[in-house]
Amino acid sequence: MTEKLSEETRKTLLTPLFETGWAMCDDRDAIEKTFTFDDFVGAFGWMTQAAFWAEKWNHHPEWHNVYKTVEVVLTTHDVEGLSSLDVKLARKMDSLAEV
């Protein structure tokens with residue numbers, strides 16, 4: 001079963017994500033990031049790759065795409081906040097964007 005991140009674990013796991021552009025959401029226990037690509041095809045291709053991992057891990061992002069930008073919010077609804085699944089998917093999204 002997935003558990004909400006403890007305060008101690010948050011510091012360890014979230015700090016590296018903050019260094020890559022992720023930030024805490026102001027209104028809830030979630031992280032957010034805006035990814036920008038060269039064009040719509042780049043953005044949509046990245047979303048497709050991320051979707052395969054999200055489906056594999058049964059952990060789906062909240063996201064919004066307009067042309068070459070994708071705004072992503074990650075949270076775990078089952079625990080009403082951040083879990084290790086959010087960290088795992090954020091890391092994967094970052095690595096897919098580097099390609």
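Worth pointing out:
- Strands (runs of 3 or more DSSP E) wholly inside region 1-96 that include at least 2 residues being touching a residue at least 40 places away in the same chain (Cβ under 8 Å): 31-36, 69-74
- Of the residues screened, R10 is one that is basic (K, R), over 14 Å from the mean Cα position of the chain (by Cα) and surrounded by 14 or more Cβ atoms within 10 Å (Cβ to Cβ).
- When the residues of region 58-99 are filtered to those that are among the charged types (D, E, K, R) and touching a helix residue (DSSP H, G or I) at 6+ places or on another chain (Cβ under 6 Å), the one that is nearest to A30 (Cα to Cα) is K92.
- Residue check, D29 in contact with a strand residue (DSSP E or B) (Cβ under 7 Å, 6 or more places away or on another chain) and either crowded, with 17+ Cβ neighbours inside 10 Å or within 22 Å of M1 (Cβ to Cβ) (or both): yes
Every number in this text was worked out from the coordinates using simple rules, so none of it is lab data. It should be emphasised that the depicted structure is a prediction, and the values quoted were computed from it without experimental measurement. Virtual Cβ from ideal backbone geometry, glycine too; neighbours counted across all protein chains shown.
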